[in-house]
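Peer 1: The following block contains the structure, expressed as structure tokens.
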2 protein chains.
Amino acid sequence: MKKLEGGLENVPGYRFSAVEAGIRYENRLDYTLIAADDFCNAAGMFTRNRIISPAVRLSRQRIENPIKAILVNSTNANTCTGDEGYSNALSLTADIAANLSVPEESVIMSSTGIIGHQLPREKMMSFHEKLVSELSREKGSQVPRAIMTTDTYPKSCSVSFDTAMGEYVIAGTAKGSGMIAPDMATMLSYAITDAPVKRDSLVKIFRSVTEETLNSVTIDGDMSTNDTAILLSPAGNSFLEKKSDLESFNEALYSVMYSLSEMLVDDAEGGTKVVRIDIKNAANSEDAKRAARSIAESVLVKTAFFGNDPNWGRIAMAAGYSGAEIDEKKLSIYFDDLPLYLTGKPVDFENNDINKVMKQNRFTVTVDFGLGSSHAHMLTSDLTYEYVKINAEYTT
Amino acid sequence: MKKLEGGLENVPGYRFSAVEAGIRYENRLDYTLIAADDFCNAAGMFTRNRIISPAVRLSRQRIENPIKAILVNSTNANTCTGDEGYSNALSLTADIAANLSVPEESVIMSSTGIIGHQLPREKMMSFHEKLVSELSREKGSQVPRAIMTTDTYPKSCSVSFDTAMGEYVIAGTAKGSGMIAPDMATMLSYAITDAPVKRDSLVKIFRSVTEETLNSVTIDGDMSTNDTAILLSPAGNSFLEKKSDLESFNEALYSVMYSLSEMLVDDAEGGTKVVRIDIKNAANSEDAKRAARSIAESVLVKTAFFGNDPNWGRIAMAAGYSGAEIDEKKLSIYFDDLPLYLTGKPVDFENNDINKVMKQNRFTVTVDFGLGSSHAHMLTSDLTYEYVKINAEYTT
């Protein structure tokens, strides 16, 4: 596997376009199209929120179809917009499909932005001809910017990997600077590859990879109404089927999705640090995940990170209320390699040593339960003044 | 029922004392004793955190015994302190029991403060004679201050109520300015009454009242290792048993515990507002509670309150991911009496009207699910710069 410069434009077989449609603001890329040359198998992961955008509803319904295109708008989430909102999503995808001369069921859609406003359908449609006529491989570099809301920089990456059938590329992009930005619902992520993978394998691999990457990221614990992650792979006649090839594919996809996850946390609203919470030796994997999430979402833990405070007591507390089986006497807590609490006993540490760890903008907190052999991790950010400012000062 | 001036000192049959024992800081009341003249029935609610203070472990073991006294220290939580911590709690309660000439199993204990430090046992014991010799009813007014950690003011209240057996008093005190203050684990609350209630009724009533008061409060969603609420009632020969008398008792206790809950949120770390989240017409009571908690704990909702932003979209989003059954088309959201979202449709509102609501330091957000008839509420605070400051700047 090899990391490449650049993103979506590195993958043969896809074309892209992006326009300033003025959906909510002028002079900003806000409407983008990802089109595959051939029909694709698609795997999708969607928000578990019960209030969902019509775009999520439509994409969920179509994800098992052969997919030709993904249409994405930013600045308006098309959420809490009722039947009119759903009908708008239907017309927009139907019109793009007509322009592409493909079945409307082969086009899926995502929306991200403000909640409770109807999309300006006619205005958006007036850009469809341009979106289709300007499709090119090079414009893949514009997609990451066109899907942004409060992100401070566009996020994408790509890798190549070898298989018995030759070399392939996977590229991905993501947006979302709070898991929900201020009223700007959504984490969106799209990955594309020229590696042909059968749909059942594709879905299985994508699910397990997103579980350990995008689903192991928390910024504020709020789950958006629009969260969507999609992976496209060409649906040809021959597929990667050898175990070792699928493993290479899995590893390459993991690398892309993990990098995107790190970028999301790095760009967390107001965040100054990326902290990896590593749970080791929990009684079972459910417990490991639960504890990782509980610690990563504790606002007391996150404010302590901001304050460079190695507050292992708050970490023990958050592990304790996670519901995971825990035995104080077997519990150990490390900041990077420095133990602060060892099998039930506080450790005297040098201020110099811990300051070195905490002042980094990336470090790892390891919580060893000493009970079993299950592991899990979460990436989280610190909770800062700036986070409060960004989220308090936005006005509906 | 009548609200009274003052707190614990209003209840006949109890005496109190408080000293500056220098447990962690000098010149600060940090060690206090509540002693009942007669043996009491006790009801207790304890943290569900799996990492618990030895004080919680000991109190849980003894709560069904006839109780004579409650010993409380602040500034040190005696948590993550292993066998030595438990043995310290045992010796301290045994020594107080000896000084009071009562069985050691009739004394319970709470600790609140920093995690991971052993209690200075000998130093504390040297104050036991004084704690016992200075017991008086008047000193009830010192208990609320002696149990404080980062609280900015002592919290207590009392009411009297009539029964067929005469007039009785219930008084209570509480502390905790985050549900966990910075590393200062704990919400503690003690209520005492001269009304004699059989233990099974006492436990049942206390459980249902705390569920709707102390357990319906959230400041940061973090559940402490030391949370404890205790209610004492004299275990005499005759008891309140008439249904109407027990209802009066219930109502009086609710009033005391609800007032204390409001004070806790009012004194929330850095908080500037007390917001009541009212869930109406949820499909069932589990759903109602879940939705109330999800909204009350959403950091995006709480930062919006701070920013005077009537962000109903974030409220819908938090209701949506709570797991409660929800139908967007039946959902309505009000800020006080002002509807912002009505059966699935955003409402145009006047800025003046909403500003009037949001600038109050107390208001109610009502979320009507339109699905069933179950209700629930939570009290929450806003999330402010000051909260981040308090919790980031504390240094372990």
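The values are calculated or read from the model by the stated rules, or taken from the named source; none is laboratory data. All values reported here derive from a predicted model rather than from experimental measurement. Methodologically, a virtual Cβ is constructed for each residue, glycine included, from the backbone with ideal geometry; neighbour enumeration extends over all protein chains shown. Quick note on the areas: whole protein, heavy atoms, side chains included, nothing else; ligands and nucleic acids left out. Shrake-Rupley method; radii C 1.70, N 1.55, O 1.52, S 1.80 Å.
Peer 1: Determine how many Å³ per residue the convex hull of the Cα atoms of the protein assembly as shown encloses. It would help to have the intermediate numbers written out before the result.
Peer 2: Numbers: hull volume 121.1 nm³, N = 792.
So the per-residue hull volume is 153 Å³.
Peer 1: How far apart are the B:ASP83 label points across copies, placing each 7 Å from Cα toward Cβ, in nm, shortest first?
Peer 2: Computed spacing set for this position: 7.2 nm.
Peer 1: Sticking with this structure for a sec: Quote the accessible area belonging to B:GLU9 in square angstrom, nearest 10, computed with a 1.4 Å probe and with ligands, DNA and RNA left uncounted.
Peer 2: 50
Peer 1: Another question about this same structure. Summed for both chains, how many Å² of accessible area, to the nearest 100, are buried between A and B with a 1.4 Å probe?
Peer 2: Details: alone 16410 and 16390 Å², together 28280 Å².
Approximately 4500 Å², summed over both chains.
Peer 1: Summarise the accessible area of segment B:79-129 (1.4 Å probe, protein heavy atoms) by the percent that is carbon and sulfur. Write down the numbers at each step before the final one.
Peer 2: On the way: 910 of 1880 Å².
Whole-percent figure for carbon plus sulfur exposure: 48.
Peer 1: Please state, rounded to one decimal and in Å, the Kirkwood hydrodynamic radius that chain B gives when every pair of distinct Cα atoms enters the mean of 1/r.
Peer 2: By the Kirkwood definition, the hydrodynamic radius is 21.8 Å.
Peer 1: Let me ask something additional. With label points built 7 Å along Cα→Cβ from the Cα atoms of B:GLN360 and A:GLN360, find their separation and express it in nm.
Peer 2: In this crude label model, B:GLN360 to A:GLN360 measures out at 5.0 nm.
Peer 1: From the label point of A:LYS198, set 7 Å from Cα along Cα→Cβ, how far away are the matching label points in the other copies, in nm, ordered shortest to longest?
Peer 2: 6.9
Peer 1: Please give the charge dipole size of segment B:318-396, origin at the Cα centre, charges +1 on K and R Cβ atoms and -1 on D and E Cβ atoms. Round to the nearest 20 debye. All intermediate terms of the calculation are to be shown ahead of the outcome.
Peer 2: Details: 7 positive and 12 negative charges, 13 e Å.
It comes to approximately 60 debye.
Peer 1: Using alpha carbon coordinates only, what is the Rg to Rh ratio of segment A:221-344, with Rh defined as the Kirkwood radius?
Peer 2: On the way: Rg = 18.5 Å, Rh = 17.4 Å.
My calculation of the ratio gives 1.07.
Peer 1: Compute the length gained on full extension between A:GLU138 and A:LYS198: take 0.36 nm times their separation in residues and subtract their Cα-Cα distance, giving the result in nm to one decimal.
Peer 2: Additional length available on full extension: 18.9 nm.
Peer 1: Report the gain in length on full extension from B:GLU325 to B:LEU90: 0.36 nm times residue separation, minus Cα-Cα distance, nm rounded to one decimal. List each step's numbers first, then the result.
Peer 2: On the way: separation 235, 0.36 × 235 = 84.60 nm, distance 4.74 nm.
That pair, B:GLU325 and B:LEU90, stretches by 79.9 nm at full extension.
Peer 1: Multiplying the sequence separation of B:TYR25 and B:ALA98 by 0.36 nm and subtracting their Cα-Cα distance, what value in nm do you get?
Peer 2: Roughly 23.6 nm would be gained on extension.
Peer 1: A further question follows. Once the label point is placed 7 Å from Cα along Cβ, list for B:PRO12 the distances to the corresponding points in the other copies, in nm, shortest first.
Peer 2: Inter-copy label distances (nm, one decimal, shortest first): 9.5.
Peer 1: Same structure again: Find how many whole Å separate the alpha carbon centroid of segment A:352-372 from the alpha carbon centroid of segment B:48-65.
Peer 2: Centre-to-centre distance over Cα atoms comes out at 30 Å.
Peer 1: Kindly identify residues of segment A:29-56 having a loss of at least 20 Å² in accessible area between the isolated chain and the assembly of all protein chains, probe radius 1.4 Å.
Peer 2: When all protein chains are present, A:ASN49, A:ARG50, A:ILE51 each give up 20 Å² or more of accessible surface.
Peer 1: Which residues does the label zone of B:HIS375 cover in segment B:227-264, counting backbone N under 20 Å from a point 7 Å along Cα→Cβ?
Peer 2: B:247-262
Peer 1: Give me the percent of the accessible area of segment A:204-360 that comes from carbon and sulfur atoms, probe 1.4 Å, all protein chains in place.
Peer 2: On the way: 2530 of 5760 Å².
Using a 1.4 Å probe with all protein chains present, segment A:204-360 comes out at 44 percent carbon and sulfur.
Peer 1: Relative to the first principal axis of the alpha-carbon coordinates of chain A, what is the inclination of helix A:82-100, with its axis defined by its Cα atoms, in degrees from 0 to 90 and to the nearest 10?
Peer 2: The angle comes out near 60 degrees.
Peer 1: Per the Kirkwood treatment, what hydrodynamic radius in Å, one decimal, follows for segment A:61-180 from the mean inverse distance over all distinct Cα pairs? Show your work: numbers first, answer last.
Peer 2: Numbers: mean 1/r = 0.0624 Å⁻¹.
Evaluated on segment A:61-180, it is 16.0 Å.
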